[in-house]
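The values are calculated or read from the model by the stated rules, or taken from the named source; none is laboratory data. Fair warning: this is a prediction, and the values are worked out from it, not measured in the lab. FYI the Cβ positions are ideal-geometry reconstructions off the backbone, even for glycines, and counts take in every protein chain you see. Each accessible area value is taken on the protein alone, full model and side chains, heavy atoms only, with ligands, DNA and RNA left out. Shrake-Rupley method; radii C 1.70, N 1.55, O 1.52, S 1.80 Å.
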Amino acid sequence: MRLPLGLLVGSVAAGVLSVAAALLAMRAASLQFGVVMLLSLLGHVLASRGARRVRWAVATGVGLLAVVTATRLLWYREQADEAGWPTSGAGLAKVALAAHGRELIDRERLASAGVALGVLCLAVGVTALPARGRRRGTVTAVLALPLLAWLGLTSARNLDGRPLPDLLGAVWPALLAALVAIGALALSGPRADRRWLLPAGLVLLSFAAVRGYADLASSWAGWWLFAHPAEATFLEVGLTVSTSTTGVTRASEAVETAIALAGTALVAVGALRGSRDADGS
C-alpha cells in the first residue's frame, strides 16, 4: 500500500473511532482520535501529488485544525480537574459562575480564531485551483444561500436587545470562520473535482462552522443575561446543572463530530483531486 493511501485509510479509521467515542460520551477519547485523524490527513496531503500552492495551503489549514483540536483536549482535561463551585453564599457562587462562564467563552473564542485561520488556509487552497465550467458556480452559490440565512437568523435571535458591539466582540472569530467557509463553498463550483468531493466537503465544513458560531453566540447570550440581571429582570437567580448525558445529546455530538471531520477530509482530498485533474493526471 502506498504511503498516501495508507495515511488516508488511517485517517478514516481514526475519524470513525472519534465519532464512536463521541457517541459513547467519551469526550477525551473523541478529541484524541480527532487529533490522530487530522494529523494522518495532514500526512496524506503532504505525501500526495498536486499543485504546490494548493497542497501547502490545504496542509496548513488541516494542521491548524489539528492544533485547535489538541488545544480543546487540553482544556477539557483541565476542566475535568477543576474544583467544585463555592457554596458559602449565593452571591459568591453567582460571581464564580459568571467568571467561569466568561472564561469558557474566551477559550472558545480563541479556538474559533484558530478554526477561522484553518478554514482561511483551506479557502486559499480552493481559490488556487483553476476555474473550469463557470456555470457550475451557480449550484454552489445556491447551496451557500441557506447557510447565510441560518447565520443571519442566529445573529438576530441571540441579539434580541443585547448590545450589538458586545455580541460582535465576543463571536467575531466564529462568524469569520463561517463566512469564509460559506464564501469558499460559493466559489468552489467552477473549481470542483470530477467527483465533486470539494463542494461536498465545503457544505459540511460550512455547516460545522455555522453551528459553531450558533453555539458560541448562544453561550454568550446566556452568559450576558446572567451577568447583567438589571438588563433582564425576568431571570431567576439560579443554575441547573446536569451531570448525565442523554442519548440524544450523545448522538448530536457524534453527528457534529462526523460532519466536521468528514468535511475537512473531503475538502482536502477534493482539492488534491481538483489540482491533479487540472494537470491532466
- Message: Can you go through Leu179, Leu145, Leu167, Leu205 and tell me which one is at pLDDT 80 or above and surrounded by 21 or more Cβ atoms within 10 Å (Cβ to Cβ)?
- Response: Leu205
- Note on the structure: The condition from (1) under 21 Å from Ala51 (Cβ atoms); (2) hydrophobic (A, V, I, L, M, F, W, C); (3) open to solvent by less than 30 Å² (accessible area, probe 1.4 Å) that Ala200 misses is numbered (3)
- Message: For the range 101-137, which positions are assigned to a helix (DSSP H, G or I) and either in contact with a strand residue (DSSP E or B) (Cβ under 8 Å, 6 or more places away or on another chain) or among the basic types (Lys, Arg) (or both)?
- Response: Arg102, Arg107, Arg109, Arg134, Arg135, Arg136
- Note on the structure: Of the conditions (1) within 20 Å of Arg162 (Cα to Cα); (2) surrounded by 13 or more Cβ atoms within 10 Å (Cβ to Cβ); (3) modelled with pLDDT under 85, the single one that Leu216 does not satisfy is (3)
- For the range 64-90, how many residues meet the condition of being surrounded by fewer than 18 Cβ atoms within 10 Å (Cβ to Cβ), modelled with pLDDT of 95 or more and either of a type in the set (Phe, Trp, Tyr) or closer than 20 Å to Leu8 by Cβ (or both)? 0
- Query: So, in the range 185-197, of the ones that are assigned to a helix (DSSP H, G or I) and either charged (D, E, K, R) or open to solvent by 10 Å² or more (accessible area, probe 1.4 Å) (or both), which residue ends up nearest to Val267 (Cα to Cα)?
  - Reply: Leu197
